[in-house]
Amino acid sequence: MIEEAARLIARSRFLIAFTGAGISAESGIPTFRGKNGLWENYRIEEVATPQAFSRNPELVWDFYRMRMRKMMEAKPNRAHFALAELERMGLLKAVITQNIDDLHREAGNTVVELHGNIYRVKCSSCSYRENLKESGRLEEFIEEKALPRCPECGALLRPDVVWFGEPLPESEWRRAVSLAKKADVCLVIGTSAQVFPAAYIPMIVKDEGGRLVEVNPENTGITHLADVVLRGSAGDVMERLLEKVKSCLAEKC
Ligand code: APR
């Protein structure tokens, strides 16, 4: 199966990747579903909806400051670096991710973030936005106990992430759909493919005649659509797959 996947990738004209929390598991960031997933210890309606934020912003900020701390310590892993190498080789055009951990960008890929970014905050009222990593205010922001307020208008700042019940950012969604329509091969890595509209991305690739290569230790919502299924963890599989692609290119497979 991995040889077949390597051939599809080596011969691809427009390769993309669609990723979820599983690709960052090896970096120490918990996934959402499955054993000790985040949603086993927190209720979505208490920490990840607009209603939760207006009802109890302290609880929501405790949750996101905890996730910022966890993600700050995380580094890209073998799977992230394999995707960055595939882009450097001129094969991979972009990574479309549901993850907010910034690890694909850190690894060096061109990224479309469908669900936002944990290091970006935005005003709940005016158009103020800040990337705390770039402004160098991340550590002080996380240690701050008080509710963060907008320096422009004084309203509450919120995480610049997509909560349940919220629309995806328009320009990122449009970019993702246009990439999916052009893709002849899509690597689907570490996602249960249960959350929409993000999970439509691999389906659009398939509808447009593209091929899907799934990398996941378990079955998912799109396993039935996959042309090749590579069972295993993203780090192991992507490291082996990258080597196979390189030897395939060398042998003009
Ligand atoms: N390597 C590859 N895949 C893995 C690994 C690993 N080491 N460990 C777990 N997985 C797989 C699981 O089998 C599962 O299919 O990663 C997937 C994680 O699924 P979810 O926890 O549902 O994460 P994700 O698909 O990214 O969730 C989508 O849901 O809660 C929202 O906004 C949140 O972006 C998130 C969205």
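The values are calculated or read from the model by the stated rules, or taken from the named source; none is laboratory data. Just so it is clear, the structure is predicted and the values come from calculations on it, not from any experiment. Counting neighbours? That spans all protein chains shown, and the Cβs are built from the backbone with ideal geometry, glycine included.
What are the pairs, 6+ residues apart or on separate chains, where a residue within segment 168-195 that is assigned by TED's automatic domain parsing to the domain that holds A94 has its Cβ under 8 Å from a residue that is more than 16 Å from the ligand (Cβ to nearest atom) and of a type in the set (S, T, N, Q)?
Cβ pairs passing all conditions: D184/S12; V185/S12.
For segment 10-30, what are the residues that are crowded, with 19+ Cβ neighbours inside 10 Å and not in a helix (DSSP H, G or I)?
S12, L15, I16, A17, F18, T19, G20, I29
May I ask you to list the residues in segment 171-196 that are within 13 Å of A94 (Cβ to Cβ) and acidic (D, E)?
Result: E172, single match.
Kindly establish whether L147 is among the hydrophobic types (A, V, I, L, M, F, W, C), within 21 Å of E46 (Cα to Cα) and outside the structural domain of A6 (by TED's automatic domain parsing).
Values: among the hydrophobic types (A, V, I, L, M, F, W, C): yes; within 21 Å of E46 (Cα to Cα): yes; outside the structural domain of A6 (by TED's automatic domain parsing): yes.
Yes: the conditions hold for L147.
Can you find even one residue in segment 120-140 that is assigned to a helix (DSSP H, G or I), surrounded by fewer than 18 Cβ atoms within 10 Å (Cβ to Cβ) and among the polar types (S, T, N, Q)?
Taking every residue of segment 120-140 in turn, at least one turns out to be assigned to a helix (DSSP H, G or I), surrounded by fewer than 18 Cβ atoms within 10 Å (Cβ to Cβ) and among the polar types (S, T, N, Q).
Would you check which residues across segment 142-157 are within 21 Å of A52 (Cα to Cα) and of a type outside the set (G, A, S) and list them?
Step one: filter segment 142-157 for residues within 21 Å of A52 (Cα to Cα), giving 142, 144-150, 154-157.
Hits for segment 142-157 are I142, E144, K145, L147, P148, R149, C150, L156, L157.
Quick check, is E251 in contact with a helix residue (DSSP H, G or I) (Cβ under 7 Å, 6 or more places away or on another chain) and either within 14 Å of the ligand (Cβ to nearest atom) or farther than 20 Å from T97 by Cβ (or both)? Don't jump to the end; show me each part of the working.
Values: in contact with a helix residue (DSSP H, G or I) (Cβ under 7 Å, 6 or more places away or on another chain): no; either within 14 Å of the ligand (Cβ to nearest atom) or farther than 20 Å from T97 by Cβ (or both): yes.
Here the answer is no, as E251 does not meet what is asked.
Take segment 34-62 and flag every residue that is assigned to a loop (DSSP other than H, G, I, E, B) and more than 20 Å from L230 (Cα to Cα). Walk me through how you get there before you give the answer.
Start the filter on segment 34-62 by keeping residues that are assigned to a loop (DSSP other than H, G, I, E, B), which leaves 34-37, 42-43, 48-49, 56.
Hits for segment 34-62 are K35, N36, G37, Y42, R43, A48, T49, N56.
Please go through segment 185-203 and pick out each residue that is within 11 Å of the ligand (Cβ to nearest atom) and within 13 Å of the chain's Cα centre (by Cα).
Passing the criteria: V188, I189, G190, T191, S192, A193, V195, A198, A199.
Please tell me if A94 is in a helix (DSSP H, G or I), more than 16 Å from the ligand (Cβ to nearest atom) and assigned by TED's automatic domain parsing to the domain that holds D184.
It is false that A94 is in a helix (DSSP H, G or I), more than 16 Å from the ligand (Cβ to nearest atom) and assigned by TED's automatic domain parsing to the domain that holds D184.
Is it the case that segment 226-244 has a residue that's under 30 Å from G165 (Cα atoms), within 9 Å of the ligand (Cβ to nearest atom) and surrounded by 15 or more Cβ atoms within 10 Å (Cβ to Cβ)?
Filtering segment 226-244 for residues under 30 Å from G165 (Cα atoms) gives 226, 234.
So of that shortlist, the ones also within 9 Å of the ligand (Cβ to nearest atom) come out as 234.
From what is left, the residues that are surrounded by 15 or more Cβ atoms within 10 Å (Cβ to Cβ) are 234.
Yes.
Quick check, is I29 closer than 18 Å to R120 by Cβ, within 11 Å of the ligand (Cβ to nearest atom) and at pLDDT 95 or above?
In short, yes.
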